[in-house]
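Single-structure report; data block below.
The values are calculated or read from the model by the stated rules, or taken from the named source; none is laboratory data. Model, not experiment: these values are computed from the prediction. No Cβ is skipped: glycine too gets one built from the backbone with ideal geometry, and neighbour counts run over all protein chains shown. Ligands, DNA and RNA are excluded from the accessible area calculation, which covers all protein heavy atoms including side chains. Shrake-Rupley method; radii C 1.70, N 1.55, O 1.52, S 1.80 Å.
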Amino acid sequence: MDGKARRDALIIGAGHNGLVCAAYLAAAGLKVTVLERRGVVGGAAVTEEFHPGFRNSVAAYTVSLLNPKVIRDLDLHRHGLRIVERRLANFLPLEGPQFLKIGAGKTSQEVAKFSARDALRLAPYAERLEKIADVLRDLVLETPPNVTAGGWFEALPELLRGAHLGKRIAKLDMTMRRELLDLFVKSAGDHLDTWFESAPIKAAYGFDGIVGNYASPYAAGSAYVLLHHVFGEVNGKKGAWGHAIGGMGAITQSMAKAAAERGVEIRLSSPVREVIVEAGRAVGVVTDQGETLRARSVVSNLNPRLLYGKLIDPAALAADFRERMQHWRCGSGTFRMNVALSELPDFSVLPGRSLAEHHTSGIIMAPSLAYMDQAYLDAKQHGWSKRPIVEMLIPSTLDDSLAPKGQHVASLFCQHVAPTLADGATWDARRDQVADVMIDLVNSHAPNFRASVLARQIMSPLDLERTFGLVGGDIFHGALSLDQLFSARPMLGYADYRGPLKGLYMCGSGTHPGGGVTGAPGHNAAREIIADFRRGRLKQA
Ligand SMILES: Cc1cc2nc3c(=O)[nH]c(=O)nc-3n(C[C@H](O)[C@H](O)[C@H](O)COP(=O)(O)OP(=O)(O)OC[C@H]3O[C@@H](n4cnc5c(N)ncnc54)[C@H](O)[C@@H]3O)c2cc1C
């Protein structure tokens with residue numbers, strides 16, 4: 001049992017959202033302790049040395065969604081964060097042999113190689129997407145209207161929030177409102193088919209619709225996932241993706257420094273095994289080591305299914321709540337690898353082993369939406385596809401702190417493997433076989449690739465779950481489907497970061513606005529917790 005010292009908040013998990021939440025709470029004068037299961041902070045945003053001299057982001061690998069207000073408020077640049085832009089946004093090696101480059105002022109001439117009509121459609125497409133993304137940008141730091149079970153007193157603030165949201169949407173003209181509806185409910189494929197006729201540009205944009213989304217690009221709702229990936233920015237450039245010098249761990253290290261500077265206590269290697277509930281109120285936690293810590297509030301950075309399924313006595317939760325949480329949909333079908341490389345890949349469609357702009361880009365190996373659809377169907381049936389979807393990024397082309405001079409590290413973000421295998425095999429039995437499939441795919445585009453691999457780090461969906469606590473390997477802490485978004489994230493009635501027990505809060509990606517390294521759930525949860533402290537709702541435990 002810890003002493004009688006006042007503790008205002010105990011945060012379970014030092015993922016980036018736990019750290020952001022902690023820093024805001026501490027800035028408001030609250031006394032905060034963060035308990036992290038692993039020996040390092042950062043959750044899915046960490047950098048590790050995976051082979052002597054070679055370091056890389058282990059899971060999340062590229063930055064865009066990190067909210068500028070969070071960067072500013074936590075003064076992350078002063079704490080060491082530096083983000084650089086890619087020289088080219090994307091490169092797609094295609095059959096033919098052809099390729100498509102996106103970004104660096106080249107997209108229009110590149111797309112015109114495949115369709116003059118599509119090249120002309122790029123600007124109006126971008127303009128509309130941008131306007132919708134702006135609506136989303138406005139909403140990411142808002143608490144969604146919460147569906148309340150109480151009377152007028154409880155409902156009024158929520159109605160006002162709803163009206164506020166309505167006002168934002170009312171700023172859009174009718175054409176844009178129709179577009180907004182399309183992007184929330186349609187498939188990425190159907191949406192892109194209405195805009196473009198050539199396969200490569202649809203593949204380049206459609207890739208965002210299946211990232212972390214184990215579904216066909218023609219599955220309803222995938223257009224929203226696409227939208228989710230474009231509301232970010234890099235150093236003020238909207239929609240761009242960049243690289244944090246030192247890898248994604250540099251982001252969370254800077255957050256940990258900001259939190260520590262404000263007086264937050266961070267305890268590593270301290271897994272929480274239970275949330276203590278007394279008289280319907282969360283009053284503390286018990287760690288795996290058997291230590292009891294008490295606080296006026298308990299805040300979870302975990303996937304909600306983990307929190308409610310593993311850490312809270314079922315008797316403390318309503319049966320209907322528990323059952324719904326058991327069906328919280330998780331499992332993104334992603335397979336992640338890091339490779340140490342002796343040289344840069346030499347692409348058949350754009351030969352050369354010397355550093356060129358395409359080596360700095362997100363290299364998407366999936367030439368069409370039909371290819372992605374087939375990869376999904378294969379994975380459903382066999383667990384993975386022999387023609388999988390891989391995005392490769394070589395961050396050492398932008399950051400010489402990651403690999404020895406002249407050598408490189410690459411991140412392979414592979415989509416559409418089954419979260420659990422239909423034949424009953426475990427991912428431990430298939431990990432290396434599937435890693436070979438991914439290497440083979442890259443090798444089919446860059447024939448020097450396989451021989452250049454010096455070492456590899458492999459993360460199957462099971463590894464992602466074991467290492468980071470990502471249920472089913474779900475990169476977002478729960479699918480970004482309409483039934484699990486906004487006022488329904490993680491459940492209607494609990495979208496305001498408050499759990500079903502007094503004193504219990506959620507600050508992870510299982511809350512609005514969902515996954516990605518955004519800092520937004522942590523920021524929003526802190527605002528609600530601080531408000532409850534100011535209203536005197538949280539008493540000394
Ligand atoms: C393979 C992969 C690639 C991705 N790529 C990108 C990308 O390029 N860009 C991007 O923006 N997003 C990306 N994402 C998504 C993004 O990384 C996550 O959505 C985000 O990092 C989640 O942050 P979080 O703070 O909400 O939770 P997490 O990062 O999951 O943190 C939760 C923390 O809780 C800890 N924990 C779990 N159980 C306990 C316990 N019982 N006691 C104490 N601590 C516990 C965990 O160890 C972890 O540190 C990717 C994710 C993955 C997995």
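Taking every residue in the range 457-482 that is basic (Lys, Arg) and pairing it with any residue that is open to solvent by 20 Å² or more (accessible area, probe 1.4 Å) and more than 10 Å from the ligand (Cβ to nearest atom), at least 6 positions away or on another chain, yields no pair with a Cβ-Cβ distance below 8 Å. Each residue in the range 115-127 was checked for being open to solvent by 70 Å² or more (accessible area, probe 1.4 Å) and not in a helix (DSSP H, G or I), and 0 pass.
Figure legend. Inter-residue proximity from the range 329-351: first residues closer than 28 Å to residue 96 by Cα, second residues modelled with pLDDT under 95, beta-carbon distance below 8 Å, spacing 6+ or different chains. Indicated pairs: 348/97; 349/96; 349/97. Just one residue in the set 509, 444, 481, 487 is surrounded by fewer than 21 Cβ atoms within 10 Å (Cβ to Cβ), hydroxyl-bearing (Ser, Thr, Tyr) and over 18 Å from residue 415 (Cα atoms); that residue is 487. Taking the numbered list (1) within 14 Å of the ligand (Cβ to nearest atom); (2) within 18 Å of residue 521 (Cβ to Cβ) in turn, residue 267 passes all entries but (2). Among the conditions (1) away from the ligand (no atom under 16 Å from the Cβ); (2) touching a residue at least 12 places away in the same chain (Cβ under 8 Å), the only one that residue 384 does not satisfy is (1).
Among the residues here, residue 408 qualifies as modelled with pLDDT of 95 or more, surrounded by 20 or more Cβ atoms within 10 Å (Cβ to Cβ) and away from the ligand (no atom under 13 Å from the Cβ). Please determine, by comparing only the residues of the range 17-39 that are within 11 Å of the ligand (Cβ to nearest atom) and of a type in the set (Val, Ile, Thr), which one is nearest to residue 283 (Cα to Cα). Ranking the qualifying residues of the range 17-39, first place goes to 34. Candidates are the residues of the range 288-307 that are touching a residue at least 40 places away in the same chain (Cβ under 8 Å) and more than 22 Å from residue 477 (Cβ to Cβ); the one that is farthest from the ligand (Cβ to nearest atom) is 296.
From 469, 503, which residue is open to solvent by less than 40 Å² (accessible area, probe 1.4 Å) and closer than 26 Å to residue 224 by Cα?
469
Condition check: assigned to a helix (DSSP H, G or I), under 22 Å from residue 48 (Cβ atoms), in contact with a Phe, Trp or Tyr (Cβ under 8 Å, 6 or more places away or on another chain) and open to solvent by 20 Å² or more (accessible area, probe 1.4 Å). Does residue 454 satisfy that? No.
With respect to residue 250, is the statement that it is more than 10 Å from the ligand (Cβ to nearest atom) and either among the aromatic types (Phe, Trp, Tyr) or more than 26 Å from residue 489 (Cβ to Cβ) (or both) true? The answer is yes for residue 250.
When the strands (runs of 3 or more DSSP E) confined to the range 1-114 are screened for residues that are open to solvent by less than 20 Å² (accessible area, probe 1.4 Å) and over 30 Å from residue 350 (Cα atoms), those reaching at least 1 such residues are found at 9-12, 32-35. Look through the range 321-340, keep the residues that are surrounded by fewer than 22 Cβ atoms within 10 Å (Cβ to Cβ) and touching a Ser or Thr at 6+ places or on another chain (Cβ under 8 Å), and return whichever of them is modelled with the lowest pLDDT. The qualifying residue modelled with the lowest pLDDT is 331. Checking each residue in the range 45-59 for being farther than 19 Å from residue 257 by Cβ and either within 9 Å of the ligand (Cβ to nearest atom) or without any contact (Cβ under 8 Å) to a residue 24 or more places away in the chain (or both) picks out 49, 52, 58, 59. Number of residues in the range 512-538 that are away from the ligand (no atom under 15 Å from the Cβ), in contact with a Leu (Cβ under 9 Å, 6 or more places away or on another chain) and open to solvent by 10 Å² or more (accessible area, probe 1.4 Å): the value is 3.
The condition of being open to solvent by less than 10 Å² (accessible area, probe 1.4 Å), under 17 Å from residue 457 (Cβ atoms), β-branched (Val, Ile, Thr) and at pLDDT 95 or above does not hold for residue 363.
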